[in-house]
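As structure tokens, the structure follows; a few thoughts come after it.
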Amino acid sequence: MPAGLIITLIVIGILLVLWLAFGYVFFHIALGSKKREDNTIPCKGSLFERNADNPVLIAGYKWYDKTYHQYVTTKSRSGVNLHAAEFRNPSNSNTWAIVIHGWTNVHREMSSYAMEYYRRGFNVLLPDLRGHGDSESKYVTMGWLDRLDIVDWIRSIIAENPNAKIILHGVSMGSATTMMTTGEHLPHNVVCAVADCGFSGVKDIFVDQCIRKYHVPPKFALPPASLWCKILNGFFFGEASTLTQLKKSKTPTLFIHGDKDNFVLIENLPKVYKACAAPKAKYIVHGAEHAVSSHWYHEEYWSKVNAFVNQYVVPAQPITE
């Protein structure tokens, strides 16, 4: 074999290894486990930390700490141990809200949302998604495998209470999880969903982040990262499409997005809204950044949410404190 050809093959081999290594680094940064050694609430470096003095957040954490709850577990279809906090309402209601957190967060950071539902008589389940909080997994799945876990949480509620009426409410990655879940064949017990600032697909959000945050060409970074995701998580980025799931949805959904969101851009809203095959409504929160609509515009936010939810489930007697 000519020396020149050997050198060319060696160079190609080195470049291929570097390309795959770069893809692994990107995959690990985005989808490596987000479990924390320091469980300080709110998450350090998150929007919740920058709004740590927000009275809505503070009230939610205080409510969580003083309200009786228990920790429950289940095992995913792939054998991953999953954890959640469960709040049983003293009203003995059949209504449930499954409230789903975002990327890098944990279930307790959704306390203010849980508090609102609980005060309206709902039982509340706050799961930790894969690779977050107390739930296992070396890798995060951005809602894709989590959607099946939420289906299993739904089934666990119905197994105990066949008459349960269940709503899903997710924020950011939790919103994507919610939307992806609605594309599954869900029992009639799931009556509606609220999807707050979710993305249109895993590939879409990473394309956007490559361009705006990491300043690397998506066509260079994403193929090897997606390959690693297939090897380690079982799916390519392009398979994890919120839009594809929404086209199969039969769950009435309220789509919410802040028009100042600079993480999951508001351009995602018309995409997911158009794709949804179920009854739907949308609410644009003017002035809200990413994942803070409920914190900054609390009364307006919950007025919109409650009006939508009330179309599909009769609230129990409100809890007064």
**Asked** Mind checking which pairs have a first residue in segment 11-37 that is farther than 24 Å from Ser135 by Cβ and open to solvent by less than 50 Å² (accessible area, probe 1.4 Å) and a second that is part of a helix (DSSP H, G or I) and among the polar types (S, T, N, Q), Cβ under 9 Å, 6 or more apart or different chains?
**Response** Gly23/Ser226
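On the given criteria, is Leu222 crowded, with 21+ Cβ neighbours inside 10 Å and within 20 Å of Lys282 (Cβ to Cβ)? Step through it out loud before you land on a result.
On the way: crowded, with 21+ Cβ neighbours inside 10 Å: yes; within 20 Å of Lys282 (Cβ to Cβ): no.
Judged against the criteria, Leu222 is not a match.
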**Request:** State which residue pairs qualify: first residue over 17 Å from Leu145 (Cβ atoms) and inside segment 220-235, second residue of a type in the set (Val, Ile, Thr) and part of a helix (DSSP H, G or I) in any location, beta carbons under 9 Å apart, and separation of 6 or more residues or different chains.
**Result:** Leu222/Val207
**Qualifying residues in segment 240-270 (those that are part of a helix (DSSP H, G or I) and within 17 Å of the chain's Cα centre (by Cα)) - the one surrounded by the most Cβ atoms within 10 Å (Cβ to Cβ)** = Thr242
**Request:** Filter segment 74-114 for residues that are over 24 Å from Cys192 (Cα atoms) and among the β-branched types (Val, Ile, Thr) and give the result.
**Result:** Val80, Thr104
**Message:** Considering only segment 129-142, I want to know if a residue exists there that is under 22 Å from Ser200 (Cβ atoms), in a helix (DSSP H, G or I) and touching a residue at least 24 places away in the same chain (Cβ under 8 Å).
**Reply:** no
**Request:** Test Trp153 against the criterion of being under 16 Å from the mean Cα position of the chain (by Cα) and either farther than 21 Å from Val313 by Cβ or in a strand (DSSP E or B) (or both), and give yes or no.
**Result:** no
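Only one residue in Ile205, Ile211 is open to solvent by less than 70 Å² (accessible area, probe 1.4 Å) and in contact with a helix residue (DSSP H, G or I) (Cβ under 9 Å, 6 or more places away or on another chain), so which one is that?
Numbers: Ile211 fails: open to solvent by less than 70 Å² (accessible area, probe 1.4 Å).
The unique qualifying residue is Ile205.
The values are calculated or read from the model by the stated rules, or taken from the named source; none is laboratory data. Bear in mind the structure is a predicted one, so any value in this text is a computation, not a measurement. Every residue, glycine as well, gets a Cβ built from its backbone with ideal geometry; the counts of neighbours run over all protein chains shown. Heavy atoms of the whole protein, side chains included, go into the accessibility calculation; ligands, DNA and RNA do not. Shrake-Rupley method; radii C 1.70, N 1.55, O 1.52, S 1.80 Å.
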